[in-house]
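Worksheet: the structure to be examined is printed underneath.
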Amino acid sequence: MTKRIDSKEPALKVGIVSKPHGIKGDLFIQPFNKLSSWPKNLDIILIGKDFTSFEVESYQSHKTGFLFKLKTINHIDQSEPLKGEFVYLYKNIFFSQKDESIYLSELLGFQIEVLNKNLVGVINSFKSTKFQDYLLVDTSHSKESLTIPFVQDYIQKIDFLQKKILLDLPEDFLEIFND
């Protein structure tokens with residue numbers, strides 16, 4: 001069964017329907033961030049600008065993306081119109097357990113502090129390349145977001161209760177990296 005949800009529902013754009021796969025209407029979904037994992041128990045995905053909700057029957061990694069079998073799609077004619085549509089997942093499914101890697105979305109709104117520099121700004125978004133994740137940080141002194149590589153060696157502490165991240169960056173790093 002598919003249903004539409006309120007577009008204000010907290011969801012993250014995580015990929016795109018690349019193409020149908022096979023005559024039974026499976027979908028090949030290409031994630032935007034090839035480095036991150038998706039939650040293991042995924043029940044619902046949202047597709048398209050109207051956030052149409054689809055129940056997931058099963059999915060698996062396949063080449064550079066995922067193959068999805070959706071409960072209400074049983075033929076390629078049903079999956080073909082979804083080609084090129086964005087895929088969204090509810091934000092609340094992205095949470096890590098103790099001793100697991102964290103999802104970047106868990107850090108949205110966290111304050112960034114740099115040792116000996118005080119408050120730098122607040123994380124408003126992320127950018128990922130094939131090799132590196134970056135934090136995009138709003139500051140009060142710049143119109144553009146600062147870009148800070150999310151590197152384990154720079155992280156001194158992540159405080160989930162206070163929603164703060166303390167970084168130890170090389171001297172003049174922010175000025176040089178963001179020129």
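The values are calculated or read from the model by the stated rules, or taken from the named source; none is laboratory data. As the structure is a computational prediction, the values presented were derived from the model and not from experiment. Note that we place each Cβ from the backbone using ideal geometry, even for glycine, and neighbour counts take in every protein chain shown. We work out accessible area using only protein heavy atoms, side chains counted, and drop any ligands, DNA or RNA first. Shrake-Rupley method; radii C 1.70, N 1.55, O 1.52, S 1.80 Å.
Which residues, counting only those in the stretch 115-172, are farther than 26 Å from residue 14 by Cβ and among the β-branched types (Val, Ile, Thr)?
Residues satisfying the conditions are 120, 139.
What single numbered condition from (1) surrounded by 11 or more Cβ atoms within 10 Å (Cβ to Cβ); (2) modelled with pLDDT of 90 or more; (3) over 25 Å from residue 174 (Cβ atoms) fails to hold for residue 93?
The failed condition is (2).
Hey, could you check the stretch 159-176 for residues that are loosely packed, with under 12 Cβ neighbours inside 10 Å and among the charged types (D, E, K, R) and say which is modelled with the lowest pLDDT?
Going through the qualifying residues, I end up with 175.
Go through the stretch 62-89 and count every residue that is in a loop (DSSP other than H, G, I, E, B), farther than 25 Å from residue 106 by Cα and polar (S, T, N, Q).
2
Pairs under 6 Å by beta carbon, first residue over 10 Å from residue 89 (Cα atoms) and open to solvent by less than 60 Å² (accessible area, probe 1.4 Å) in the stretch 25-54, partner among the aromatic types (Phe, Trp, Tyr) and at pLDDT 85 or above, six or more apart or different chains?
Correct list of pairs: 27/68; 29/66; 29/68.
Of the numbered conditions (1) open to solvent by 40 Å² or more (accessible area, probe 1.4 Å); (2) closer than 30 Å to residue 20 by Cα, residue 156 fails exactly one; give the number of that condition.
(2)
For a quick check of your reading of the model, give me the residue pairs whose first member lies in the stretch 71-89 and is within 18 Å of residue 22 (Cβ to Cβ) and modelled with pLDDT of 95 or more, whose second is assigned to a strand (DSSP E or B) and of a type in the set (Lys, Arg), with beta-carbon atoms closer than 6 Å and at least 6 apart or on different chains.
Between residues of the stretch 71-89 that are within 18 Å of residue 22 (Cβ to Cβ) and modelled with pLDDT of 95 or more and residues that are assigned to a strand (DSSP E or B) and of a type in the set (Lys, Arg), the close pairs are 83/19.
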